[in-house]
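Only one structure is covered here, and it is reproduced in the block below.
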Amino acid sequence: VTGDIYMNYTENNQINLENAVPMTKDDALKLNDNVFNFTISGKNQSSKDIYYGISIVYGEEQDTKTRLKDEDIDVYLTSGEDVLVNANRYKTLNDTRIWAEKINANTDTYTKDYSLRLWIDEGVKVGNDDTTSYSIEEWNNSYASFKVKVDGNLNEMNVPLEIESNQEYVENGKSYIIVKVSNYLNPHEAGIALASNDNMKVTITGSNPNIAFSYTDSEGNKETSEKDTLDLVYDFFSNKVVEIKLFVIPKNDANSSTDIDVKAVKNEKETFELIKHMNVKGNNYCLNNGFNKLSDCLLVSEQMSASTDDAKKAIISKGEATTSETAPTYTYVETEETPGVSIPQTPGYYWSFADSYTFDNKTGTFVLSGNLEQLVPLESKHIGKWTCGAIAQHSKCNTIYKITSIDSSTSAKGNKKTYKITSSLKSEVGLYRTVDNDGDTYYYRGAVENNNVKFGGFYWKIIRINGDGSIRLIYNGTKPNATGNDAIISNSVYNNRNEDPAYSGYMYGNDFYTEPHKSSLLDRFEVQNVNYYFSKSYTSNANNRNFSLGEDKIQSTVENLSSKLAEGYKYTCLSTTSNGNCNFLLEIASIVSYRIVKGYIWAFSSKSYEKTKEDNASVTVKTVVENWYKDNLANKNELNKSVSDYISLDATFCNDRSIASRADNGDGFSLHKTTFYSSFKRLSDNKTPTLVCNDVGDLFSAKGGTGKGNKKLDYPVGLIIVDELSFAGTYFVDPAPINGDFYLNSKVKYMTMTPWAFFAPSTNLYEWTLQENGGIGYNGSLTSLGVRPVINLNKEVLLAGGNGTMDNPYTVKLAN
């Protein structure tokens with residue numbers, strides 16, 4: 001390394017406090033006399049980044065007094081507006097590194113100002129009883145004295161243990177902090193493979209016996225049961241950082257506080273220890289703090305807020321959800337080596353080798369690096385090297401091998417490394433805000449665990465608080481955490497007919513043509529290369545709106561039809577069986593190829609787009625849902641009140657039949673034009689869901705309501721819409737994305753009430769669905785799919801008990 005390297009340290013003041021007292025962070029940050037300012041300046045004209053560390057060491061001793069315990073001092077370091085160390089407490093502060101920084105290569109001028117604050121932690125208690133930290137006599141004879149040390153030693157620049165923020169986060173009604181542990185010395189060593197594994201142990205304990213812990217980490221490990229102590233062990237085969245989401249859980253209803261001791265040990269030697277003070281809200285937060293309405297409870301539970309206004313501000317501050325990604329988002333974690341594996345090869349390809357590799361945790365991809373040899377024969381000198389094997393992507397792969405033995409010039413064995421998928425600890429989860437036709441709506445997103453309700457003898461998941469204050473629920477079975485067929489009421493087709501765009505409606509207009517209606521000439525109609533039945537004539541039935549071929553039938557492929565077409569055999573139901581009816585008839589005008597014809601569609605079709613939306617007939621699934629409601633909820637009681645009293649008649653269900661503006665020129669009723677509905681454009685093209693119904697005519701509500709809906713439903717029950725799925729944590733792409741962890745994935749394919757498209761001239765209607773893997777997809781309306789009813793509790797429903805978890809779901813009651 002050549003070039004001038006220069007560093008200078010300048011301090012601008014000292015802190016001298018007498019009669020200091022314990023205080024909160026907020027109070028400490030208001031003071032001006034507890035700030036120590038210093039500056040690091042210099043240059044780095046070399047070609048290599050350099051690093052320096054900031055540590056705190058003991059200052060001068062006072063012979064007649066005793067030092068305060070290091071763990072009773074809060075450390076707060078800033079640079080400009082950036083908070084670098086946010087009120088951390090350390091088990092020892094003598095030569096403890098609190099921050100590391102980089103000066104980039106080829107830097108002519110470098111200056112960075114720092115401000116350090118120290119204060120006595122608010123948890124320190126002074127008095128002459130067993131509960132105090134210091135007796136009055138000890139306190140009167142105590143002191144603290146520290147200096148700042150700036151260290152340019154390039155061998156030890158990292159901080160191996162960090163508590164990410166002093167903020168106490170809340171997720172699913174549980175408080176948590178983020179702990180980071182790392183095993184490498186220099187920041188530029190991250191990701192480098194090790195010759196032997198580093199063993200990292202993290203021990204987490206609390207000072208309060210009424211507090212327990214659970215965790216999940218960035219390696220995919222988790223502990224969901226409550227533990228008094230956590231002992232976590234990691235074998236690092238590369239230099240890396242593991243993030244631990246540490247949940248701090250009260251064992252009873254009382255609010256309490258605790259010190260959390262986090263200790264990291266590397267290879268049984270190096271130790272770093274932090275102490276974090278946390279105030280923890282007791283169980284049953286809502287009822288204990290006077291939030292008796294269920295909707296209010298849902299809001300304040302998001303961040304354990306003191307009021308619904310504070311709760312709404314906290315939710316709004318989270319910003320808009322990233323609907324172009326799944327929630328939770330996923331990261332890829334490399335696995336440990338599996339020894340003695342035969343390395344696969346693709347014939348015709350040479351091998352590539354390297355001393356090391358890098359791993360991309362966003363794609364699960366290994367990339368060879370360090371003395372890379374590309375596309376060479378396999379030789380004995382390559383033992384100990386990393387390789388992807390003989391494959392087309394010679395220096396990049398999803399499985400990598402460290403060669404341990406060579407059998408021949410084309411065959412070797414090695415230790416295999418691949419990856420596992422884990423959800424990101426920073427995934428979006430909880431309540432977010434958007435708007436619907438009634439105002440602000442707060443919807444759940446991601447891996448939510450505290451939105452469960454038991455009502456009417458069934459379990460439900462809360463989807464959102466609607467803009468009118470009612471609470472939308474989706475059916476989730478007769479037992480907690482039901483999945484598969486247990487999470488649906490039955491299977492059903494969306495509708496038993498699909499040959500007309502009208503059937504995209506949850507209800508539809510049945511003012512069809514009373515005589516067979518002939519479409520415009522279709523320049524392209526695709527058929528299969530099979531033996532269909534054809535006839536010179538047909539009969540029609542206006543009552544059933546269907547057709548039958550005449551008795552003069554023949555069977556032929558389209559390819560072999562030419563001579564018979566001239567004789568008048570031009571009508572077909574596109575069926576390979578001779579008997580039966582069809583809902584539309586194809587009249588072939590000419591044959592383009594063995595798979596393509598020109599022709600006309602005959603059908604009892606809709607007269608106009610407006611006529612399709614007159615909503616005087618119901619699709620099949622609406623009848624299924626309303627019959628279930630009538631049989632299972634309509635005549636039930638809940639806490640001696642009729643279930644009907646709990647359910648809103650004004651809450652609406654959006655059956656969005658608005659048409660996307662596309663080149664296809666679909667009009668929503670013609671059988672010879674493909675119609676893409678608006679949901680297709682916003683979820684396929686833009687990933688921009690909305691809960692505002694484009695056409696208020698598509699807002700379905702129950703009879704007897706007084707709100708904005710059309711008051712057409714016999715019972716106040718419907719289905720989920722595709723936009724709610726998207727906001728909840730998934731999106732549409734083909735093939736469907738995997739999202740097994742968001743709360744609406746019940747591991748069974750189920751339907752929505754949102755139409756996707758009507759395809760002409762094949763006259764196939766498709767509805768949006770949720771696939772078994774958790775991604776949004778679509779299926780034909782004749783496909784039998786799972787049905788999950790959706791209801792809306794009225795906005796005045798009160799909380800009777802529970803905290804929303806599967807083991808303790810919310811229960812509700814009515815006033816008086």
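Buried (at least 17 other Cβ atoms within 10 Å of the Cβ), touching a residue at least 40 places away in the same chain (Cβ under 8 Å) and in contact with a Gly (Cβ under 6 Å, 6 or more places away or on another chain): does that describe T675? Talk me through it step by step, then tell me what you get.
Numbers: buried (at least 17 other Cβ atoms within 10 Å of the Cβ): yes; touching a residue at least 40 places away in the same chain (Cβ under 8 Å): yes; in contact with a Gly (Cβ under 6 Å, 6 or more places away or on another chain): yes.
So T675 fits the description; yes.
A quick yes/no check of all residues on (1) open to solvent by 40 Å² or more (accessible area, probe 1.4 Å); (2) of a type outside the set (A, V, I, L, M):
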position: S470; (1), (2): no, yes
position: L473; (1), (2): no, no
position: D486; (1), (2): yes, yes
position: R497; (1), (2): no, yes
position: D511; (1), (2): yes, yes
position: P516; (1), (2): no, yes
position: S537; (1), (2): yes, yes
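Could you please find all residues in region 642-666 being surrounded by fewer than 21 Cβ atoms within 10 Å (Cβ to Cβ) and either touching a Lys or Arg at 6+ places or on another chain (Cβ under 8 Å) or part of a helix (DSSP H, G or I) (or both)?
Scanning region 642-666 gives S642, V643, S644, D645, L649, A660, S661, R662, D664, N665.
For region 539-555, state whether one or more residues are outside any helix (DSSP H, G or I), in contact with a Leu (Cβ under 8 Å, 6 or more places away or on another chain) and among the aromatic types (F, W, Y).
Yes, the conditions are met somewhere in region 539-555.
Regarding K276, is this residue surrounded by 14 or more Cβ atoms within 10 Å (Cβ to Cβ) and at pLDDT 95 or above?
Numbers: surrounded by 14 or more Cβ atoms within 10 Å (Cβ to Cβ): yes; at pLDDT 95 or above: no.
Taking the combined requirement at face value, the residue does not satisfy it.
Being open to solvent by 10 Å² or more (accessible area, probe 1.4 Å) and free of Cβ contacts under 8 Å to residues at least 12 places away in the same chain narrows it down to one of D4, D26, so name that one.
Values: D4 fails: free of Cβ contacts under 8 Å to residues at least 12 places away in the same chain.
Checking each option against the conditions leaves just D26.
Are there any pairs, at least 6 apart or on different chains, whose C-beta atoms fall under 7 Å, with the first in region 327-340 and within 19 Å of D235 (Cβ to Cβ) and the second open to solvent by 40 Å² or more (accessible area, probe 1.4 Å) and of a type in the set (A, V, I, L, M), and if so, which?
Qualifying pairs under 7 Å: Y332/I421.
Yes/no matrix, rows are residues, columns are (1) in contact (Cβ under 8 Å) with a residue 12 or more places away in the chain; (2) surrounded by fewer than 23 Cβ atoms within 10 Å (Cβ to Cβ); (3) in a loop (DSSP other than H, G, I, E, B):
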{"site": "L765", "(1), (2), (3)": "yes, no, no"}
{"site": "T769", "(1), (2), (3)": "yes, no, no"}
{"site": "G774", "(1), (2), (3)": "yes, yes, yes"}
{"site": "G777", "(1), (2), (3)": "yes, yes, no"}
{"site": "K795", "(1), (2), (3)": "yes, yes, yes"}
{"site": "N803", "(1), (2), (3)": "yes, yes, yes"}
{"site": "N808", "(1), (2), (3)": "no, yes, yes"}
{"site": "N816", "(1), (2), (3)": "no, yes, yes"}
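Please work out which residue is nearest to T96 (Cα to Cα), limiting yourself to region 241-255 and to residues that are open to solvent by less than 30 Å² (accessible area, probe 1.4 Å) and in contact with a Gly (Cβ under 9 Å, 6 or more places away or on another chain).
Applying the first criterion (open to solvent by less than 30 Å² (accessible area, probe 1.4 Å)) to region 241-255 yields 242, 244-250.
Applying the additional criterion that residues be in contact with a Gly (Cβ under 9 Å, 6 or more places away or on another chain) yields 248, 250.
Numbers: V248: 26, P250: 32 Å.
Out of the qualifying residues, it is V248.
Just to verify a result, which residue in region 779-793, among those that are part of a loop (DSSP other than H, G, I, E, B) and polar (S, T, N, Q), is farthest from R595 (Cα to Cα)?
First, the residues of region 779-793 that are part of a loop (DSSP other than H, G, I, E, B): 781-784, 788-789.
Next, from what is left, pick out any that are polar (S, T, N, Q): 781, 783-784.
Working: S781: 25, T783: 25, S784: 28 Å.
My answer is S784.
Identify all residues within region 101-119 that are open to solvent by less than 30 Å² (accessible area, probe 1.4 Å), within 19 Å of F146 (Cα to Cα) and of a type in the set (A, V, I, L, M); write none if there are none.
Within region 101-119, L116 is the sole residue that qualifies.
Among the numbered criteria (1) in contact with a Cys (Cβ under 8 Å, 6 or more places away or on another chain); (2) more than 30 Å from W602 (Cα to Cα); (3) surrounded by 20 or more Cβ atoms within 10 Å (Cβ to Cβ), which single criterion is violated by Y533?
Looking at each condition in turn, Y533 falls short on (2).
Within the set of pairs 6 or more residues apart or between chains, which connect a residue that is on the phi > 0 side of the Ramachandran plot inside region 271-296 to a residue that is in a strand (DSSP E or B) with Cβ atoms less than 7 Å apart?
Close Cβ pairs satisfying both conditions: none exist.
Please find, among F353, F359, F366, the residue that is touching a helix residue (DSSP H, G or I) at 6+ places or on another chain (Cβ under 9 Å) and either crowded, with 19+ Cβ neighbours inside 10 Å or under 19 Å from I421 (Cβ atoms) (or both). Please lay out each step first, then the result.
Details: F359 fails: touching a helix residue (DSSP H, G or I) at 6+ places or on another chain (Cβ under 9 Å); F366 fails: touching a helix residue (DSSP H, G or I) at 6+ places or on another chain (Cβ under 9 Å).
Of F353, F359, F366, the one residue that is touching a helix residue (DSSP H, G or I) at 6+ places or on another chain (Cβ under 9 Å) and either crowded, with 19+ Cβ neighbours inside 10 Å or under 19 Å from I421 (Cβ atoms) (or both) is F353.
Check every one of the strands (runs of 3 or more DSSP E) wholly within region 334-409 and list those with 1 or more residues that are among the charged types (D, E, K, R). Can you show your working first?
Values: elements: 338-342, 351-354, 356-360, 365-369, 373-376, 400-408.
Result: 356-360, 373-376, 400-408.
For region 410-424, name all the residues that are open to solvent by 70 Å² or more (accessible area, probe 1.4 Å) and either assigned to a loop (DSSP other than H, G, I, E, B) or out of contact with any strand residue (DSSP E or B) (no Cβ under 9 Å at 6 or more places or on another chain) (or both).
T410
The conditions are (1) in contact (Cβ under 8 Å) with a residue 40 or more places away in the chain; (2) open to solvent by less than 10 Å² (accessible area, probe 1.4 Å), and V748 fails exactly one of them. Which is it?
Every condition holds for V748 apart from (2).
Which helices (runs of 4 or more DSSP H) sit wholly inside region 220-322 and have at least 2 residues that are of a type in the set (A, V, I, L, M)?
Details: elements: 285-288, 294-301, 308-317.
Ranges flagged: 294-301, 308-317.
Please work out which one of (1) part of a strand (DSSP E or B); (2) without any contact (Cβ under 8 Å) to a residue 24 or more places away in the chain; (3) not hydrophobic (A, V, I, L, M, F, W, C) is the condition Y443 fails and give its number.
(2) is the only condition that Y443 fails.
Modelled with pLDDT of 90 or more, open to solvent by 10 Å² or more (accessible area, probe 1.4 Å) and assigned to a strand (DSSP E or B), is that true of F680? Break it down stepwise before answering.
Details: modelled with pLDDT of 90 or more: yes; open to solvent by 10 Å² or more (accessible area, probe 1.4 Å): yes; assigned to a strand (DSSP E or B): no.
Against the criterion (modelled with pLDDT of 90 or more, open to solvent by 10 Å² or more (accessible area, probe 1.4 Å) and assigned to a strand (DSSP E or B)), F680 does not qualify.
Can we say S352 is among the small types (G, A, S), without any contact (Cβ under 8 Å) to a residue 60 or more places away in the chain and under 30 Å from Y444 (Cβ atoms)?
Details: among the small types (G, A, S): yes; without any contact (Cβ under 8 Å) to a residue 60 or more places away in the chain: yes; under 30 Å from Y444 (Cβ atoms): no.
When the stated conditions are applied, S352 does not pass them.
Here is a list of conditions, (1) acidic (D, E); (2) open to solvent by less than 10 Å² (accessible area, probe 1.4 Å); (3) in contact with an Asp or Glu (Cβ under 9 Å, 6 or more places away or on another chain), and D714 meets all of them except one; can you say which number that is?
Single failed check for D714: (2).
Hey, any hits in region 555-569 for a residue that's of a type in the set (V, I, T) and touching a strand residue (DSSP E or B) at 6+ places or on another chain (Cβ under 8 Å)? I'd like the intermediate steps shown before the answer.
Start the filter on region 555-569 by keeping residues that are of a type in the set (V, I, T), which leaves 557-558.
Then keep just the ones that are touching a strand residue (DSSP E or B) at 6+ places or on another chain (Cβ under 8 Å); that gives 557-558.
For region 555-569, residues of a type in the set (V, I, T) and touching a strand residue (DSSP E or B) at 6+ places or on another chain (Cβ under 8 Å): present.
Show me the strands (runs of 3 or more DSSP E) entirely contained within region 1-115 in which 1 or more residues are over 24 Å from V126 (Cβ atoms) and small (G, A, S). So that I can check it myself, show each step before the final result.
Values: elements: 5-11, 35-44, 50-58, 73-79, 82-90, 96-103.
Filter on region 1-115 gives 35-44, 50-58, 73-79, 96-103.
If E162 satisfies every condition in (1) of a type in the set (D, E); (2) over 38 Å from the mean Cα position of the chain (by Cα); (3) surrounded by 17 or more Cβ atoms within 10 Å (Cβ to Cβ) but one, which is the exception?
(2)
Pick from region 698-735 the residues that are farther than 17 Å from K461 by Cβ and not in a loop (DSSP other than H, G, I, E, B): which of them is nearest to the chain's Cα centre (by Cα)? Outline the logic, then answer.
First, the residues of region 698-735 that are farther than 17 Å from K461 by Cβ: 698-716, 731-735.
From what is left, the residues that are not in a loop (DSSP other than H, G, I, E, B) are 698-700, 702, 713, 732.
Details: D698: 29, L699: 28, F700: 29, A702: 33, L713: 33, F732: 14 Å.
Here the residue is F732.
Conditions first: (1) crowded, with 18+ Cβ neighbours inside 10 Å; (2) among the charged types (D, E, K, R); (3) assigned to a loop (DSSP other than H, G, I, E, B). E626 passes all but one, so which condition is the exception?
So E626 meets the others, but not (3).
Give me the pairs: first residue in region 168-188 and without any contact (Cβ under 8 Å) to a residue 60 or more places away in the chain, second residue among the β-branched types (V, I, T) and outside any strand (DSSP E or B), beta-carbon distance under 8 Å, and six or more apart or on different chains, which are they?
Y184/I192
The values are calculated or read from the model by the stated rules, or taken from the named source; none is laboratory data. Fair warning: this is a prediction, and the values are worked out from it, not measured in the lab. Glycine also receives a Cβ, built like all others from the backbone with ideal geometry; neighbour counts cover every protein chain displayed. Note: areas computed on protein heavy atoms with side chains; ligands, DNA, RNA excluded. Shrake-Rupley method; radii C 1.70, N 1.55, O 1.52, S 1.80 Å.
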